[in-house]
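Here's the structure, in structure tokens; my notes come after.
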Amino acid sequence: MLVLTCSSKLASLRRLLTHSFPESLKVCGALHHVIEKNPFRLQVLVDQWPDFTSVICRPPLEEMTDPSDPYTNTYFLFSKDPQGLRQFLQDPETVNWKQELQIQGCQPALTGVLHEVSSKHGSQMHTTSNLLYMRDRMESEDLENMSNISDLQFSTLKPEEAYLVNEVWAFGGNLLGERYISHCIQSFPNVCARKLGVGKPVAWTMSEQSAEMRMGYTEKQYRNQGLFRTMIVQLANKLHSMGCPLYCHVAPDNKTSQAATLRAGFPLAGRWQQWKFQPL
């Protein structure tokens with residue numbers, strides 16, 4: 001296992017990973033932020049260099065101090081060799097299997113290896129598999145025919161509004177989640193819609209440390225008016241201007257968000273995976 005810190009090697013790795021989209025999206029997005037400002041202080045690990053087959057982006061092990069905090073203890077994974085990945089994951093300098101953690105990626109085929117390795121370390125695995133959407137670039141015409149609801153204005157979320165996102169986010173609902181969301185609001189682009197005069201956000205979509213667009217939500221009275229599509233396009237333009245990959249995921253049963261994502265020009269690209277591990 002090697003930790004890459006050289007700027008030229010990180011840039012080369014990012015360039016190589018773009019040839020493995022959509023499977024490498026999570027790692028490539030995280031790597032983009034590592035190269036730029038790295039607000040989450042992520043490390044980039046490879047099994048070998050330059051002929052790597054597996055890559056992980058995660059915080060330093062010494063900074064993942066709370067064994068019950070899966071938001072901090074998050075790993076982004078890509079592998080070209082599922083069999084060789086086994087040895088990489090079993091290295092105690094790569095993954096700390098003694099704590100609660102989550103691994104995200106876009107390769108359902110890695111589930112078997114992850115289950116095998118985590119079982120050896122006494123961890124119980126729960127898998128979430130959602131639909132992955134991706135597009136290559138944004139065009140000027142994407143900003144045409146945007147939703148214009150008279151009592152709303154577009155803005156950005158404030159860190160103190162993290163509790164609103166946390167209350168409705170499927171992966172949130174707790175204090176650790178609220179802290180994570182606040183950190184994302186402070187560090188990465190987001191878009192929200194506010195009521196004129198009141199200022200309360202009624203809809204939003206955010207991005208996070210792997211540059212994925214996530215946590216989208218619209219209050220019921222503003223749904224089915226094109227608002228979600230408008231926010232996706234606005235956020236995607238922000239990310240595109242930064243050089244980030246453009247992608248998001250939607251739950252298989254959320255037909256409304258799937259339709260809005262497609263209307264925003266994001267075709268279905270594969271599966272988004274989250275493997276959550278809990279020590280027994």
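The values are calculated or read from the model by the stated rules, or taken from the named source; none is laboratory data. Fair warning: this is a prediction, and the values are worked out from it, not measured in the lab. Using ideal geometry, Cβ is built from the backbone for each residue, glycine included, and neighbour counts are taken over all protein chains shown. Accessible surface is based on the protein model in full, side chains and every heavy atom, while ligands, DNA and RNA are left aside. Shrake-Rupley method; radii C 1.70, N 1.55, O 1.52, S 1.80 Å.
Whether any residue in the stretch 108-126 is closer than 17 Å to R58 by Cα, under 21 Å from the mean Cα position of the chain (by Cα) and open to solvent by 10 Å² or more (accessible area, probe 1.4 Å) is what I want to check. The answer is no; no qualifying residue exists.
Scanning the stretch 243-266 for residues that are open to solvent by 70 Å² or more (accessible area, probe 1.4 Å) and either part of a loop (DSSP other than H, G, I, E, B) or in contact (Cβ under 8 Å) with a residue 40 or more places away in the chain (or both) yields D253, L262. Considering only the stretch 50-80, state which residues are under 20 Å from F21 (Cα atoms) and surrounded by fewer than 22 Cβ atoms within 10 Å (Cβ to Cβ). If the condition is that a residue be under 20 Å from F21 (Cα atoms) and surrounded by fewer than 22 Cβ atoms within 10 Å (Cβ to Cβ), then P50, D51, F52, T53, K80 are the ones that fit. All conditions in (1) in contact with a Lys or Arg (Cβ under 9 Å, 6 or more places away or on another chain); (2) open to solvent by less than 10 Å² (accessible area, probe 1.4 Å); (3) under 21 Å from R214 (Cβ atoms) hold for E100, with the sole exception of (2).
Residue check: is T65 over 18 Å from the mean Cα position of the chain (by Cα) and free of Cβ contacts under 8 Å to residues at least 12 places away in the same chain? Spelling it out, T65 is indeed over 18 Å from the mean Cα position of the chain (by Cα) and free of Cβ contacts under 8 Å to residues at least 12 places away in the same chain. If we scan the stretch 78-89, do we find a residue that is under 30 Å from Q234 (Cβ atoms), hydrophobic (A, V, I, L, M, F, W, C) and touching a residue at least 40 places away in the same chain (Cβ under 8 Å)? Yes: one or more hits. The single residue among Q43, Q90 that is open to solvent by 30 Å² or more (accessible area, probe 1.4 Å), more than 30 Å from L268 (Cβ to Cβ) and either within 20 Å of the chain's Cα centre (by Cα) or of a type in the set (G, A, S) (or both) turns out to be Q43.
T156 meets all of the listed conditions (1) of a type outside the set (G, A, S); (2) open to solvent by less than 70 Å² (accessible area, probe 1.4 Å); (3) under 18 Å from the mean Cα position of the chain (by Cα); (4) closer than 24 Å to S241 by Cα but one, namely (3). Here the stretch 11-50 is the region considered, the condition is being touching a helix residue (DSSP H, G or I) at 6+ places or on another chain (Cβ under 7 Å) and of a type in the set (K, R), and the residue that is nearest to Y133 (Cα to Cα) is R14.
If I filter the stretch 203-217 for residues that are farther than 26 Å from Y71 by Cβ and open to solvent by less than 20 Å² (accessible area, probe 1.4 Å), do I get at least one hit? Checked the stretch 203-217: no residue is farther than 26 Å from Y71 by Cβ and open to solvent by less than 20 Å² (accessible area, probe 1.4 Å).
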